[in-house]
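Peer 1: First the structure, then my questions, so here it is.
The values are calculated or read from the model by the stated rules, or taken from the named source; none is laboratory data. As the structure is a prediction and not an experimental result, all values here were calculated from the model. Cβ atoms come from the backbone with ideal geometry, glycine included; neighbour counts cover every protein chain shown.
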Amino acid sequence: MPPEPAPPGSLIQIDGIPHMVVNTESVAVIISQVMKTLGRGGEAILYSAGFEIGQGAHSMVARIYSPQTPEEGLDWFGRHFRGLGHFDLRSRSLDADRGKVILTLDRSFETQYRDARKEGRGCHYVRGLIAGFVSALLDQPDAVASLSLLEPALLAVASGPQLLEQIERTVQMYEAGDKAAAVDAFLQAACGKTYRTAVERALPGAMEQAVVDADTFFGVELPSIGEWTFSREDAARIKQPVLAVLGADSDADWPGFGEGHRLLLEWFPQARPFVLRRAAHLLQVQNPRDMAQGLAAFFEGN
């Protein structure tokens, strides 16, 4: 007879590595609380958490089961998480050469729990879990055909300290409890003093939602951006075609956008510059038609 399952909270050894046993009900309660506390911002948090765990699951599957093919790795992934009560992997279709995977799941614990409590459908954690596992499973840098850089804010430019000083003031507003003022000040610093007109025209209600999600942005996303770095050495590893986009009016809001654009063209000799007219840092919000056409032309040729 198979051994009795270990009770939640206990530690078990798998291939000499300790794991804590948790039940899906406990995870579901955590997910519910994240969504209740953070609102829509919780979706990204749950997806990111699932993604990281999914990548770790790939390492675990490779270490314990030693699958010989991606298909076999997916099978072990499905068996493992079915045993944990996360979902049933009903069918799979995998084209490793094209980096394409289609999975059909039954009985996702996350969806079942939220449906049962009438909290609406949601499967953000499980989606992240699958994406993390599959990305590690395929791990094919060559599967990326091209890269589009829509005005990344590279802070290692001459005007970097100027923007950092403005951002620090917005953080102080947030910490003082004025979320609306903090959100407004940050968007003015990044997108210009007239950003609100474009945002409210394209996305009605977006400002109210941004204030609701301020805790996620200032508490999670902004600190993560501060920890991120990208160097000339990182850029040298990327050989794919690159589209470097700059808003024609962005420099008027922060000179660092133009400085960063020129730096990207230096770091990526293969980059194609694209200056989007009638737009600043909000790019596709301010001029969606020309942005879409520019991207489409680039993708068609690459």
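Peer 1: Out of Val211, Val183, report the one residue that is free of Cβ contacts under 8 Å to residues at least 60 places away in the same chain, within 24 Å of the chain's Cα centre (by Cα), in a helix (DSSP H, G or I) and surrounded by fewer than 18 Cβ atoms within 10 Å (Cβ to Cβ).
Peer 2: Details: Val183 fails: surrounded by fewer than 18 Cβ atoms within 10 Å (Cβ to Cβ).
Testing whether each residue is free of Cβ contacts under 8 Å to residues at least 60 places away in the same chain, within 24 Å of the chain's Cα centre (by Cα), in a helix (DSSP H, G or I) and surrounded by fewer than 18 Cβ atoms within 10 Å (Cβ to Cβ) leaves just Val211.
Peer 1: Does Val242 count as among the β-branched types (Val, Ile, Thr), in contact (Cβ under 8 Å) with a residue 24 or more places away in the chain and out of contact with any strand residue (DSSP E or B) (no Cβ under 7 Å at 6 or more places or on another chain)?
Peer 2: Values: among the β-branched types (Val, Ile, Thr): yes; in contact (Cβ under 8 Å) with a residue 24 or more places away in the chain: yes; out of contact with any strand residue (DSSP E or B) (no Cβ under 7 Å at 6 or more places or on another chain): no.
So Val242 fails the test.
Peer 1: Within region 250-268, can you find the residues that are out of contact with any strand residue (DSSP E or B) (no Cβ under 6 Å at 6 or more places or on another chain) and closer than 22 Å to Ala297 by Cα?
Peer 2: Answer for region 250-268, where residues must be out of contact with any strand residue (DSSP E or B) (no Cβ under 6 Å at 6 or more places or on another chain) and closer than 22 Å to Ala297 by Cα: just Arg262.
Peer 1: May I pose another question? Enumerate the pairs (first residue in region 144-161 and assigned by TED's automatic domain parsing to the domain that holds Glu259; second residue anywhere and hydroxyl-bearing (Ser, Thr, Tyr) and buried (at least 16 other Cβ atoms within 10 Å of the Cβ)) with beta-carbon separation below 8 Å, excluding pairs fewer than 6 apart on the same chain, so at least 6 apart or on different chains.
Peer 2: From region 144-161, the pairs are Glu151/Ser250.
Peer 1: While we're on this one: Looking at (1) at pLDDT below 95; (2) assigned by TED's automatic domain parsing to the domain that holds Leu243; (3) of a type in the set (A, V, I, L, M, F, W, C), find the lone condition where Phe186 falls short.
Peer 2: Here Phe186 meets the rest and fails (1).
Peer 1: Among what's in region 245-279 and is free of Cβ contacts under 8 Å to residues at least 12 places away in the same chain and part of a helix (DSSP H, G or I), pick the residue that is nearest to Leu295 (Cα to Cα). Write out each step before concluding.
Peer 2: Pass one, region 245-279, residues free of Cβ contacts under 8 Å to residues at least 12 places away in the same chain: 251, 262, 266, 269.
Narrowing the set further to residues that are part of a helix (DSSP H, G or I) leaves 251, 262, 266.
Values: Asp251: 21, Arg262: 19, Glu266: 21 Å.
Filtering region 245-279 for residues that are free of Cβ contacts under 8 Å to residues at least 12 places away in the same chain and part of a helix (DSSP H, G or I), the one nearest to Leu295 (Cα to Cα) comes out as Arg262.
Peer 1: Could you please find all residues in region 189-207 being among the charged types (D, E, K, R) and either in contact with a helix residue (DSSP H, G or I) (Cβ under 7 Å, 6 or more places away or on another chain) or assigned to a helix (DSSP H, G or I) (or both)? Step through it out loud before you land on a result.
Peer 2: Within region 189-207, the first condition is being among the charged types (D, E, K, R), and the residues that meet it are 193, 196, 200-201.
Hits for region 189-207 are Arg196, Glu200, Arg201.
Peer 1: While we're on this one: From the set of residues in region 110-144 that are outside any helix (DSSP H, G or I) and of a type in the set (Gly, Ala, Ser), which is modelled with the highest pLDDT? Even if it seems obvious, please write down each step before you answer.
Peer 2: Residues of region 110-144 outside any helix (DSSP H, G or I): 117-123, 139-140, 144.
From the residues that got through so far, the ones that are of a type in the set (Gly, Ala, Ser) too are 120, 122.
Details: Gly120: 53, Gly122: 65.
Here the answer is Gly122.
Peer 1: Would you be able to say whether some residue in region 76-97 is under 29 Å from Asn302 (Cα atoms) and modelled with pLDDT under 75?
Peer 2: yes
Peer 1: Shifting gears a bit: Could you list, in sequence order, the residues of region 215-267 that are of a type in the set (A, V, I, L, M, F, W, C) and within 17 Å of the chain's Cα centre (by Cα)?
Peer 2: Of region 215-267, the ones of a type in the set (A, V, I, L, M, F, W, C) are 217-218, 220, 222, 225, 228, 230, 235-236, 238, 242-246, 248, 252, 254, 257, 263-265, 267.
Passing the criteria: Phe217, Phe218, Val220, Leu222, Ile225, Trp228, Phe230.
Peer 1: Has region 283-292 got any residue that is closer than 13 Å to Ser148 by Cα and exposed (fewer than 12 other Cβ atoms within 10 Å of the Cβ)?
Peer 2: yes
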